[in-house]
1. Name the longest site-free stretch of the chain, where the excluded sites are trypsin sites (Lys or Arg not before Pro) in a DSSP loop with no more than 10 other beta-carbon atoms within 10 Å.
2. Beyond 24 Å, what share of the Cα-Cα pairs of region 656-795 is found? Please give it as a whole percent.
3. Dipole of the chain, Cα-centred, from +1 at each Lys and Arg C-beta and -1 at each Asp and Glu C-beta, to the nearest 20 debye?
4. Rounded to whole Hz and in sequence order, give me ³J(HN,Hα) for region 714-726 from the Karplus expression 6.51 cos²θ - 1.76 cosθ + 1.60, θ = phi - 60°, writing x for Gly and Pro.
5. Per residue, how much accessible area does the chain show when a 1.4 Å probe rolls over the protein heavy atoms, in square angstrom?
6. How large is ³J(HN,Hα), in whole Hz, for each residue of region 286-296 in order, when computed from phi with the Karplus curve 6.51 cos²θ - 1.76 cosθ + 1.60 and θ = phi - 60°, using x for Gly and Pro?
7. In whole percent, how big is the carbon plus sulfur part of the accessible area of region 341-455, probe 1.4 Å, protein atoms only?
8. So in the chain, what percent of DSSP beta bridges are antiparallel if you round to the nearest 5?
Amino acid sequence: MMDPLVETKFFPPAPRAGIVARPRLDDRLSRPGHIVLVSAPAGFGKTTLLGRWLTLAGTSVAWVALDEGDRETSAFWTYVLTALDRAVPGVGAGALPLLQAGQTPTEAVLTVVLNELSVLPGEVTLILDDYHLVDSPGIRPGMTFLLDHLPPQVRLIISTRADPGLPLARLRARGELIEIRAAELRFTLAEATTYLNDVTGLGLTVEDIASLAERTEGWVAALQLAALSLRGRDDAAGFIAGFAGDDRFVVDYLVEEVLDRQPEPVRRFLLETSILDRLTGALCDAVTGGHDGKAMLERLDRANLFVVPLDDQRRWYRYHHLFADVLRSHLLDERRDVADLHRRAGNWYDETGEPVPAVRHTLAAGDVGHAADMVERAVPELRRNRQEHTLRRWIDELPDDVVERRPVLAMGFVGALMAGNEFSDVGRRLSGIEQLLDGRSENVVVIDERELARLPGGIELYRAALALIGGDLAGTLKHAQLAVVRAPEHDDLTRASADALAGIASWTTGDLEAAHRSYTDAAAGLHRVGYISDVLGCSITLADLESTQGRLRRAQRTYERALELASAQSLRGTRDMYVGLSQIALEHNDLAAAAEYLRRCDELGEQAGLPQNPYRWRVAMALLREAEGNTDTALGLLTEAERAYVGDFAPNVRPVPALRARMLAAHGDVTSALEWARQYGVSVHDELSYLREYEHVTLARVLLAEGSLHDVIGLLERLLCAAEDGGRRGTVIEVLVLLALARHATGDDDAGAVLERALTLAEPEGYVRVFSSEGRPMTTLLNALDGNRAYVRQLLDATRGPFEPSRPASGDDLIDPLTERELVVLRLLVSDLDGPSIARELVVSLNTVRTHTKNIYAKLGVNNRRAAVRRAHQLELLSRRT
């Protein structure tokens with residue numbers, strides 16, 4: 001997660017009266033070419049030009065007004081993707097969870113978005129205003145990737161005071177870059193005349209206008225300031241004749257003229273509030289000590305005195321950047337109490353619950369101690385809202401000697417470093433905090449005594465995390481146990497976090513019972529402190545453990561209880577609960593229920609899923625499609641799932657390549673399945689471990705399909721002993737089924753007894769598909785058992801053919817079926833290819849691809865690529881041969 005988004009940053013500048021029409025620049029912006037650079041110093045009207053052009057362009061617009069706080073990679077791309085989603089609903093929304101999880105490379109996140117943009121039926125314009133404020137080494141690789149792969153229906157406009165560190169020369173050489181620079185942005189004589197006489201009504205002579213335009217060199221801000229200075233003057237010609245100097249001195253001179261002619265209250269207001277990035281009435285009153293801030297802002301707005309409204313209600317404003325710069329310069333020259341102004345601003349933001357600007361202004365006031373107090377008080381809420389990256393920014397701004405005397409603040413910074421995968425300095429910082437606690441003296445500063453009490457447990461918690469990252473499972477368990485012991489009674493968060501880390505360590509070693517206890521305690525503790533989304537994450541693990549232990553019904557109840565929590569608050573993770581319920585319904589052979597759960601996932605949207613939900617959903621849908629007999633569609637979904645997989649601390653105990661090998665072997669492609677075993681180094685002679693148990697059971701399935709019965713029986717017997725010793729009854733049931741089939745294939749009469757053992761374990765939990773998916777060999781084995789037994793009859797019914805309580809949706813349900821050519825395009829939409837690549841693949845024009853795509857969207861009743869792919873899977877269109 002990140003700081004709450006500033007909504008006003010998505011607002012293009014509102015059209016204002018008195019804007020000079022500049023058709024020459026409008027035409028230039030409208031020329032063919034999908035990358036536009038508007039680069040000029042402050043005061044050349046870049047933002048105004050773009051705002052006016054948007055009223056004429058007739059295109060969907062994603063606008064982002066950038067500031068220095070967006071230099072952090074996650075914050076920058078969050079604003080960009082959110083702006084795209086608002087311009088074209090659905091685009092970017094699915095990529096946001098991947099971005100905010102912080103574990104997926106930026107290029108992979110952007111690939112998802114670019115694929116969605118490449119099939120848009122209409123055009124969209126992305127405008128990044130004030131890009132110079134964020135241009136940095138962290139942002140540039142993602143921006144370069146975006147520029148290199150931008151679909152033709154997307155136009156990117158970058159407005160900046162300085163050329164960005166991007167491959168502009170390459171873009172120029174390709175003819176892909178439109179540039180508008182200061183020379184073109186300067187007012188022509190005709191435009192200056194329109195502004196000075198028609199807009200401001202000064203009534204200047206042609207000679208005076210020409211002289212002023214020449215002296216200002218057409219600089220829009222300078223002309224605007226000159227117009228303000230000329231109001232009410234009798235000797236306009238004399239003023240213009242004495243007007244000289246380069247741009248910087250021109251502006252200084254004109255601002256002095258404007259300021260000197262303002263009433264003293266207005267002048268004082270302008271100077272004192274120039275320290276603020278954003279202006280609203282109450283904040284201005286806090287800084288100035290006045291009571292008319294709202295009225296003053298409205299007055300300045302009406303007077304066109306360089307204030308820019310930031311919202312439709314005109315509650316928030318900012319000064320023109322150039323005007324603000326010069327105001328601040330004069331403020332520093334005239335006032336000695338600038339630090340006090342910043343202090344007042346910081347206190348106002350602190351009282352209104354906005355720690356980020358509060359800390360910024362307090363640091364500007366030079367009061368690092370007070371700023372550190374603010375940060376320390378903000379730590380618990382920032383941690384709760386997963387805003388550790390905000391804390392990370394402050395690490396470099398607060399002096400080390402201030403932080404090192406504040407153990408609570410230092411621990412908050414440790415959490416920020418851990419969240420950002422910066423581990424190298426964590427051990428040293430933890431030792432420093434321990435030393436402070438051991439020898440607490442008068443020099444130690446503590447604001448939050450409650451957080452202080454949490455530190456001993458927190459130190460052990462972070463050491464447990466470091467041990468887990470380093471693969472030291474024993475160390476993880478040791479420090480996690482110490483964290484629980486040293487945490488105060490009220491500290492449910494530390495205890496729960498330690499339990500989760502211990503659970504991961506136990507899970508990784510195959511001690512599922514211990515892992516289940518730990519995760520149960522973690523979920524309970526997280527629930528008590530209100531971290532419900534984390535409770536849902538624990539529930540996924542708990543249900544997975546329960547399924548592996550052969551407790552399907554308990555796993556179902558775990559998902560259902562978590563779903564009640566999630567649905568009550570519309571939390572992220574709701575989708576994941578439905579995916580889990582779908583997989584249990586599938587094992588119970590209730591295909592209709594499994595499909596219904598996955599349909600509910602679609603209704604919720606991807607924003608309701610945890611970071612791994614895109615991967616989990618595709619695996620669940622693949623298994624459902626295989627159960628329905630659509631192997632091609634299932635394999636395609638597994639390809640997508642492998643791309644969508646996001647790793648985390650939890651062990652990947654069911655890797656997608658192994659699941660693919662199972663599916664291939666089950667449907668006759670044993671050669672490819674054996675190639676999987678060779679590629680991943682899975683052998684019958686391996687030492688068995690829980691982490692690779694799924695892969696070794698997969699190998700047994702592949703060898704059984706190949707007919708290597710001697711090898712497979714030996715492997716299965718070893719797997720059976722290991723699973724029984726580990727209490728993994730779900731695995732035991734599957735291995736017994738395979739062992740019964742292998743022994744039956746060798747003519748061993750013991751096959752029936754082995755199957756009986758599997759039935760005895762499986763019947764209370766309602767297992768069906770582990771038997772029924774084995775097809776005809778299982779039918780033979782079941783027929784040899786007691787045919788009057790209800791469970792056996794149920795399995796025989798399921799084994800003889802697909803269970804179809806209702807006919808699943810199919811492409812035949814479409815009122816207007818897709819043509820063969822549209823089916824070809826649809827299959828390519830599932831791939832990673834963008835629009836131009838699809839056109840090259842089909843040897844057609846891009847417009848032809850767009851036409852086919854529009855038709856596909858219309859027939860499927862969707863409006864973007866992601867939705868079209870999902871709908872195609874639901875209708876089984878991708879399994880049709882074309």
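1. On the way: sites that count: 336, 881.
So the longest stretch without any such site is 337-880.
2. Working: 2633 of 9730 pairs.
Here the tail beyond 24 Å accounts for 27 percent of pairs.
3. Taking the Cα centre of the chain as origin, the dipole is about 1600 debye.
4. Result, ordered by residue: x, 5, 5, 5, 5, 5, 4, 4, 5, 5, 5, 4, x Hz.
5. On the way: 36670 Å² over 882 residues.
Each residue of the chain exposes 42 Å² on average to a 1.4 Å probe.
6. So the J values, rounded to whole Hz, are 4, 6, 8, x, x, 9, 10, x, 4, 5, 5.
7. Numbers: 2240 of 5140 Å².
That fraction is 43 percent.
8. Working: 4 of 25 bridges.
Here the share of antiparallel DSSP bridges comes out near 15 percent.
The values are calculated or read from the model by the stated rules, or taken from the named source; none is laboratory data. Treat the numbers as computed from the prediction; the structure is a model and nothing was measured. Counting neighbours? That spans all protein chains shown, and the Cβs are built from the backbone with ideal geometry, glycine included. Side chains included, ligands, DNA and RNA excluded: accessible areas come from the protein's heavy atoms. Shrake-Rupley method; radii C 1.70, N 1.55, O 1.52, S 1.80 Å.
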